[in-house]
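So the structure is just underneath, and the comments pick up after that.
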Amino acid sequence: MKTNKVLLSIGSNLGDRKKNIQTALNLIDQKIGDVISISKVYQTPALGFIGNDFYNCCIAISTKLNPLEVLNRILIIEKEGGRLRNNTKKYKSRTIDIDILFYENKIINSLELKIPHPHLQERAFVILPLLDIARSKIHPILKITIAELKDDLKDLNSIHQLDYVLKMPILNTMELFNNIVIEGNIGIGKTTLSKKLSKDLNKNLILEGFKENPFLDKFYQDPNRYALNLELTFLIDRCRQLNDYKNQMDLFKSGVVFDYDIFKSLIFAGVTLSEIDFNLFRSIFYSMTKDLFKSNLVIYLLQTTDKLLININKRGRNYEKDINKDYLDKIGNAYLKYLNNRPELNVVFVDVSDLDFIEKDEDYLKLLFRIKQKLR
């Protein structure tokens, strides 16, 4: 079913205004559609009546609902937020106020609903936040952009941008998991994604110290000779790092994002070691890792081997120059075999073959939506 882009305005001037708006955002994301962008928050005097200043923002959502369905769910959300609409034309204070501004380029003029909102072009508290997320949007009746609508406004000086950032609802679900692991094949972007999520979720960040392994460069030159040295060194370093983390944790953060799980050692060892060496390694592995932390969520990224090779070549690490397609395929297959046979792990598989979440913010957002969909 086709999704539609809808622009909404949200305001509150009663109670905890920030909390009211954030709660409305979360409910919109749950009941109507994915919140894909959020404007800055603006403080605005009450217009047409005496009351507290409003906090206002605008958001863009992607929804499969039709316009009337969107309206009906907005009314439910407002009611849950403590607002009861009535037929009076008088303005008054309210805990939450949600209006449909645009639904794609539709023009609707019915008793129940008018789209575009008939007064949006007159309201600076709507136009200013719209500039943040949809400045080039063309009004389907007036045939001018949001940026051009600003030129006709006269009360801009009464509106002030607040130093407050609303949280994307898409992050709420992931916040519930204390220990999140990002896993995937070499070159897929685990570290970049871990850094982004750590910042957005306000979680501690633990990154693998691969550059410190003295056998890594030697392994790629002579795998048979240095494989056991490499895997044991990695195992020791990873176990030490995970144990040390307990003493370094920032208690003001809500958990941890790792760019590896300790089971990575077992997977790579299964590919690189001979059978006799692997049997030895496996015994050491289980002995050393039995008391280590357990992840709440493993996000496993899927990517084509050809794209992985491009990423590896792009980052230009000298010791990775000899990595070939066959080796990457073996690693990828080993990961899938291991994860598919571990029902105790909470794993979501996310295909990122068509995304460049490293360079493009919009692709990072698409990746978050894919994770959200899997978690549902």
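With Rh defined as the Kirkwood radius, the inverse of the mean 1/r over Cα pairs, the Rg/Rh of the chain is 1.09. Over the residues of the chain, the helix contribution to mean residue ellipticity at 222 nm works out to -13500 deg cm²/dmol, using -39500 (n - 2.57) for each DSSP H run of at least 4.
Under a model in which nothing but the beta-carbon of Lys, Arg (+1) and Asp, Glu (-1) is charged, the chain shows a dipole of about 1020 debye around its Cα centre. Measuring max minus min along each principal axis, the C-alpha atoms of the range 170-375 give extents of 46, 38, 31 Å (largest first). Stokes-Einstein, applied to the Kirkwood radius of the range 10-56 over Cα pairs at a viscosity of 0.890 mPa s and 25 °C, places its translational diffusion at 212 µm² s⁻¹. Spin-label pair K2-Q221: with each label point 7 Å from Cα along the Cα-Cβ axis, the two points sit 6.1 nm from one another.
Cα convex hull, the range 172-284: 109 Å³ per residue, rounded to a whole number.
What is the sum of charges around Y164, taking Lys and Arg as +1, Asp and Glu as -1, for the other residues whose C-beta is under 14 Å from the C-beta of Y164? So the environment of Y164 carries a net charge of +1.
Based on C-alpha pairs under 8 angstrom that are at least 6 apart in sequence, the chain has a relative contact order of 16 percent. Two-decimal Rg/Rh of the range 96-181 from alpha-carbon positions, Kirkwood Rh? Radius of gyration relative to Kirkwood radius: 1.09. Modelled this way, with points 7 Å down the Cα-to-C-beta line, the labels at L68 and H160 are 4.4 nm from one another.
Measuring between alpha carbons in the structure, the pairs from K18/K374; K19/K154; K167/K290; K264/K325; K2/K114 lying more than 25 angstrom apart are K18/K374; K19/K154; K167/K290.
Across all Cα pairs in the range 4-161, the calculated P(r) in 10 Å bins from zero up to the longest distance comes to 11, 43, 39, 7 percent per bin.
Read the figures in this text as sums done on the coordinates, not as results from a lab. In this text the structure is predicted, and so the values were computed from the model without any measurement. Cβ atoms come from the backbone with ideal geometry, glycine included; neighbour counts cover every protein chain shown.
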